[in-house]
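First comes the structure, then the notes that go with it.
Read-outs: derived from the displayed coordinates by stated rules, not from any lab. Everything numeric in this text was worked out from a predicted model, so none of it was measured. Here the Cβ positions follow ideal geometry from the backbone for every residue, glycine too, while neighbour counts run over all protein chains shown.
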């Protein structure tokens, strides 16, 4: 029995040493074919803690790119039925950090995800260059869950400070707050509020996992809003006696792409 105990202890020590001392680059090279449309450049560090100089999507539909992507294994996730790592990155005029976990059932979750970015730097991600923006985005995502690589749950908040539409119609939006919460198992409610700018916004969008959405948002121009802004709102729908416009739409986001 003493021999078996010593053998198990030695084997565990060997595994720990492998994780702590083994370089990350050879492992990444082995899994590159399974990464799909993702390019990794400049891998350094060990398995338990390392950094990638650049992570870039080679998918033209969503050309994401991040720099200084670091990770550190999170042993506490083993107690929650999976294996995970904390991560951090730079990109789009800001940075981010969070915790990613892959369960034994293959599901992937991201929690405690905080990030910030410049709105201007995110413009290249738009499917078509329909507008330009100003301001800073600050987000806190409490939970994102993917099952079979499909998003099934998201919860968090997003704040757009000094929000501005620079073109086609220059418009100040002040501070825009976005709150995302699950509604049942198949939908999310996205609450939208904006104040302190040329246009106040108050409403919500209900989005189902299959892409169906229902939008109901009230836009209220401020007394000092430029006439071009007021005219732009009226193109969205009829205005009431004080110039407010209610935007109501139903559809499927997959058909809008």
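Percent relative contact order of the range 150-195, based on C-alpha pairs within less than 8 angstrom and at least six residues apart?
Averaging sequence separation for qualifying contacts and normalising by length gives 36 percent for the range 150-195.
Take the Cα atoms of the range 107-255, build their convex hull, and give its volume per residue in Å³.
Taking only Cα atoms, the range 107-255 has a hull volume of 120 Å³ per residue.
By average Cβ neighbour count within 10 Å, what is the ranking of 104-115, 235-246, 81-92 from highest down?
In descending order of packing, they fall as 81-92, 104-115, 235-246.
So if I average 1/r over every pair of distinct C-alpha atoms in the range 77-131 and take the inverse, what Kirkwood radius in Å does that give?
Every distinct Cα pair counted, the radius reaches 13.1 Å.
What ranking do 181, 120 get, fewest neighbouring Cβ atoms within 10 angstrom at the top?
Neighbour counts put them in this order, fewest first: 181, 120.
With an 8 Å cut-off on Cα pairs and a minimum separation of 6 or more residues, tell me the relative contact order of the range 107-255 in percent.
14 percent
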